[in-house]
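Only the coordinates and a few stated rules stand behind these numbers; no lab work does. Keep in mind that what you see is a predicted model, and the values were worked out from it rather than measured. Note that each Cβ is placed from the backbone with ideal geometry, even for glycine, and that neighbours are counted across all protein chains shown.
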Amino acid sequence: MKKRTPISKIMTSNVITLNSTNGLETAEMLFKENNIRHIPVVNGDVIIGMLSYTDLLRISFADAINDNDVDTVVYEMFTIEQVMAKNLVSVNSTTTIKEVAEILAEKEFHALPVIDNGKLVGIVTTTDLINYLLEQF
């Protein structure tokens, strides 16, 4: 395992994003269609927050009978900006995989935006790290 491998080697660079004018139903659709759990919220190229599928579940009522579909009535009561995480920790594309693993192990979140020169260039998740580790064996 290389100790200085940059996160750019394992991050997702074709990032699905939302903006603050999108509705929460749009967010849920993107989560499900793309089988993802984190979506950066941007204003142009600048990231302003991160929305997770868990954030949606926190404000809604999961219907266990109907394949965990979320009760979308509650989505009309909140905006993305009200639900998203705003005080983000980010890394840049040259941050090492080890450094990212240390951040994620210490914090209570599972995804980090990757930002170069103020612009969102990727996202790295705990799943990316696990897949990288599995490739090493």
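Seen from THR21, the other residues with C-beta closer than 15 Å to its C-beta sum to a net charge of -3, counting Lys and Arg as +1 and Asp and Glu as -1. Find out how many positive minus negative residues lie around ILE47, taking Lys and Arg as positive, Asp and Glu as negative, among other residues whose Cβ is under 14 Å from that of ILE47. Result for the neighbourhood of ILE47: -1.
Rounded to the nearest 10 degrees, the inclination of helix 24-34 to the longest alpha-carbon principal axis of the chain is 50 degrees.
Relative contact order for the chain using alpha-carbon pairs under 8 Å, separation at least 6, rounded to a whole percent? Before the final figure, lay out each step's value.
On the way: 199 pairs, mean separation 41.8, N = 137.
Normalised by residue count, the contact order of the chain is 31 percent.
Sequence gap of 8 or more, or different chains, plus Cα separation below 25 Å: how many lysine pairs satisfy both in the chain? The result is 14. The GNM of the chain, with springs linking C-alpha atoms under 10 angstrom apart, assigns the highest mean-square fluctuation among LYS98, LYS32, LYS119 to LYS32. Could you give the distance between the Cα centres of the range 76-137 and the range 1-62, to the whole Å? Value for the Cα centre distance between the two parts: 10 Å. Axis angle, to the nearest 10 degrees, between helix 126-135 and the longest C-alpha principal axis of the chain: 40 degrees.
In the chain the Cα-Cα distances spread across 5 Å bins starting at 0 as 2, 10, 20, 21, 18, 13, 9, 5, 2, 0 percent of all pairs. Of THR126, THR96, THR54, the residue with the greatest mean-square motion in the GNM of the chain, using alpha carbon springs below 10 Å, is THR54.
Among GLY49, GLY122, GLY23, which one shows the biggest mean-square fluctuation in a GNM of the chain, springs joining Cα atoms closer than 10 Å? Top of the fluctuation ranking is GLY23.
Working from label points 7 Å from Cα in the Cα-to-Cβ sense, the GLU81 to THR17 distance is 1.7 nm.
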